[in-house]
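Visitor: Pasting in a structure now, in structure tokens, and then I'll have a few things to ask.
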């Protein structure tokens, strides 16, 4: 009897053997198919089981013999290689899933929002590195060109990049579904093509925040309200007094998915600061009118068409025509290889950077996106 190459392994479970427990055995084959066998009960510390594997029509039945072992740090499966039906060279340990683990079959993958799956894919990429995961998109634009004419200022073409990550501080606070996160985002504008002035950083914005996240998963309009976040945010540029810009906000944000459509609605309240006694006063509000330009929230819209991701972020101060100000950020990305995307960006309006919060900017850029 021939046995096609079959891979299997063990995922350690957290509890010791009590009166018996049901396990789910996942078998993954080289052709990419995955079989899930449920109702495998572990009743003894060392228990041999025989599994008759489903086969295609006309094929001989395949029998797999495993030894389920309950160890001090969990349960695992190993092949009984002395059985004549098992080829030692064709088998290795794979995994056992605990009861209640949900299989991501092809049908379930189609039902689950694709953009939401991409979010979990990027968590898998970064999650094992120092406990951090991506927060906002991480990218670099070697080409970022201003369409505004400003004589006497820095070169119109520069590099722009953003680094953004978060880490989980506490999970299931007070026995609830609330998770506590600490996040950091940095967006920098680098005059890399200005060799005459030693290629300085024109502007960098630093944005730490702390927030609570609650997974709602509420069905809504055919889609699902995935989660709600609320917390505190600080943003500043670290410049000297005359060019210093900063503000603090309390915010609430909802994230919604409907198939390949993503919506994120965020509102904020600017925490008040005392007025400066003079323009050179190091204390006090650097930019008391920033909310007149950056408004009180933003709306993010994303749509995944095949492998093409189109997104837009809109801000508006919701004021009358004469004082109405806002901004539009358009993004496009397309995968080049795993976790590397070709990226285009267009911005028009107020607040692309803190130093330009009260000046209208129009800018285009091209480069690479690492997480989306």
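The values are calculated or read from the model by the stated rules, or taken from the named source; none is laboratory data. In this text, all values refer to a predicted model and were calculated from it rather than measured experimentally. No Cβ is skipped: glycine too gets one built from the backbone with ideal geometry, and neighbour counts run over all protein chains shown.
Visitor: Please verify whether segment 212-224 includes one or more residues that are more than 26 Å from residue 273 (Cβ to Cβ) and not in a strand (DSSP E or B).
Guide: yes
Visitor: Further question: Take residue 138 and decide whether it is within 13 Å of the chain's Cα centre (by Cα) and either at pLDDT below 95 or at negative phi (or both).
Guide: Spelling it out, residue 138 is indeed within 13 Å of the chain's Cα centre (by Cα) and either at pLDDT below 95 or at negative phi (or both).
Visitor: Hey, any hits in segment 249-268 for a residue that's out of contact with any strand residue (DSSP E or B) (no Cβ under 6 Å at 6 or more places or on another chain) and assigned to a strand (DSSP E or B)?
Guide: Among the residues of segment 249-268, not one is out of contact with any strand residue (DSSP E or B) (no Cβ under 6 Å at 6 or more places or on another chain) and assigned to a strand (DSSP E or B), which makes the answer no.
Visitor: Please verify whether residue 171 is more than 27 Å from residue 301 (Cβ to Cβ) and touching a helix residue (DSSP H, G or I) at 6+ places or on another chain (Cβ under 8 Å), treating the condition exactly as stated.
Guide: Answer is no for this residue.
Visitor: Can you say whether residue 283 is at negative phi, modelled with pLDDT under 95 and surrounded by 13 or more Cβ atoms within 10 Å (Cβ to Cβ), as far as the supplied structure shows? I'd like the intermediate steps shown before the answer.
Guide: On the way: at negative phi: yes; modelled with pLDDT under 95: yes; surrounded by 13 or more Cβ atoms within 10 Å (Cβ to Cβ): no.
No, not satisfied.
Visitor: Sort out for me the strands (runs of 3 or more DSSP E) sitting completely within segment 287-372 that have 1 or more residues that are without any contact (Cβ under 8 Å) to a residue 12 or more places away in the chain and farther than 20 Å from residue 263 by Cβ.
Guide: 326-337
Visitor: Given the residues 188, 144, 154, 164, which is the only one that is part of a strand (DSSP E or B), surrounded by fewer than 18 Cβ atoms within 10 Å (Cβ to Cβ), out of contact with any helix residue (DSSP H, G or I) (no Cβ under 6 Å at 6 or more places or on another chain) and assigned by TED's automatic domain parsing to the domain that holds residue 260?
Guide: Among 188, 144, 154, 164, only 164 is part of a strand (DSSP E or B), surrounded by fewer than 18 Cβ atoms within 10 Å (Cβ to Cβ), out of contact with any helix residue (DSSP H, G or I) (no Cβ under 6 Å at 6 or more places or on another chain) and assigned by TED's automatic domain parsing to the domain that holds residue 260.
Visitor: Take segment 326-359 and flag every residue that is surrounded by fewer than 18 Cβ atoms within 10 Å (Cβ to Cβ) and over 19 Å from residue 162 (Cβ atoms).
Guide: 337, 338, 358, 359
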